[in-house]
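> Can you keep this structure in mind? I'll have questions shortly.
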Amino acid sequence: MDRFVIAIDGPSGTGKSTVAKHLARQLRAGYLDTGAMYRIVTLAILRAGVDPADEAAVADHLPLVQFHSPTDPDRQQHDLDGDDVTAQIRGGDVTLAVTPVSANPAVREWLMERQQQLAHTGRMVVEGRDIGTVIAPDATLKVYLTADESERARRRHRQNGAVNVPAAPNDLDAVRADLNRRDTVDSGRATAPLRAADDAIHLDSSDLTADQVVEQILAFAAERGIN
């Protein structure tokens, strides 16, 4: 299959990014992290001194935001106004502010066209929270990745430590609380809430390695003619 979209959705800490990147490599496909796009917009808002909770002010600032969205799974450098902000968008300040920014209908509408365009450029694995429901409801394969709450917190805690995320919560209980906060808000927001598409395959990764999850998704993909 020359063109396809594989949508990987699910809450934080389920391994979406790791799995999606591995999957893209295996299938010689592009990879799009839509969550990073909301984070880079959030960083731009913070740098401009705009209140992330002020929906109108955030919307007014959007035309000034210039950033690059990488699609190479092996080269995920995120640039804002020409600066490499790959590490900064994972920092604690952005993590706290990204929830109100990503819930802003103007932000979601502003990013949606770019996300849909990138998602449909050929062979693509796209991960986020509304890919199968909003960005690519026509996706060839939709997977909703879940994991036990404690395991999700442990994974995110290890990830924060491994990549030395600036200002990120370093206490396991704080990480768990932050994940719960974000998932509760994202699931309850009015615009494009976090939920599984009706035709998505639910996959619990709690007791699986990333490689095992990728193997299962590759099997689902092969059933749909993706190889």
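> List every residue pair whose Cβ atoms sit under 6 Å apart, with the two residues 6 or more apart in sequence or on different chains, where the first one lies in the range 112-123 and is touching a residue at least 40 places away in the same chain (Cβ under 8 Å) and the second, anywhere, is outside any loop (DSSP other than H, G, I, E, B).
115/34; 115/135; 118/32; 119/5; 119/126; 119/135; 123/4
> If you don't mind, there's one more thing I want to ask. Considering only residues that are closer than 30 Å to residue 1 by Cβ and free of Cβ contacts under 8 Å to residues at least 40 places away in the same chain, which ones fall in the range 77-111?
77
> In this structure, is residue 89 in contact with a strand residue (DSSP E or B) (Cβ under 7 Å, 6 or more places away or on another chain) and either on the phi > 0 side of the Ramachandran plot or surrounded by 17 or more Cβ atoms within 10 Å (Cβ to Cβ) (or both)?
no
> Shifting gears a bit: Considering the range 196-205 alone, what residues qualify as being under 13 Å from residue 11 (Cβ atoms) and either aromatic (Phe, Trp, Tyr) or exposed (fewer than 14 other Cβ atoms within 10 Å of the Cβ) (or both)?
Once the filter is applied, which keeps residues that are under 13 Å from residue 11 (Cβ atoms) and either aromatic (Phe, Trp, Tyr) or exposed (fewer than 14 other Cβ atoms within 10 Å of the Cβ) (or both), the range 196-205 yields only 202.
> Moving to a separate point now. Is it the case, given these coordinates, that residue 160 is part of a loop (DSSP other than H, G, I, E, B), at pLDDT below 80 and among the polar types (S, T, N, Q)? Spell out the reasoning first.
Working: part of a loop (DSSP other than H, G, I, E, B): no; at pLDDT below 80: yes; among the polar types (S, T, N, Q): yes.
So residue 160 fails the test.
> Would you confirm, using the coordinates I've provided, whether residue 141 is modelled with pLDDT of 95 or more and among the aliphatic types (A, V, I, L, M)?
yes
> Would you tally the residues in the range 197-217 being part of a helix (DSSP H, G or I) and within 20 Å of the chain's Cα centre (by Cα)? Step through it out loud before you land on a result.
Applying the first criterion (part of a helix (DSSP H, G or I)) to the range 197-217 yields 210-217.
Then drop every residue that is not within 20 Å of the chain's Cα centre (by Cα), which leaves 210-211, 213-214, 217.
Residues in the range 197-217 being part of a helix (DSSP H, G or I) and within 20 Å of the chain's Cα centre (by Cα): 5 in total.
> Next up: Does the range 1-28 hold any residues that are at pLDDT 95 or above and surrounded by fewer than 23 Cβ atoms within 10 Å (Cβ to Cβ), and which are they?
Across the range 1-28, the qualifying residues are 3, 4, 21, 22, 25, 26, 27, 28.
> Now a separate question. State the number of residues belonging to the range 101-148 that are closer than 13 Å to residue 15 by Cα, in contact with a Lys or Arg (Cβ under 7 Å, 6 or more places away or on another chain) and charged (D, E, K, R).
1
> Would it be correct to say that residue 103 is in contact with an Asp or Glu (Cβ under 9 Å, 6 or more places away or on another chain), under 19 Å from residue 178 (Cα atoms) and not hydroxyl-bearing (Ser, Thr, Tyr)?
yes
> If you take the residues in the range 206-227 that are modelled with pLDDT under 95 and of a type in the set (Gly, Ala, Ser), which one is surrounded by the most Cβ atoms within 10 Å (Cβ to Cβ)?
That would be 210.
The values are calculated or read from the model by the stated rules, or taken from the named source; none is laboratory data. None of these values were measured; they are calculated from a predicted model. Using ideal geometry, Cβ is built from the backbone for each residue, glycine included, and neighbour counts are taken over all protein chains shown.
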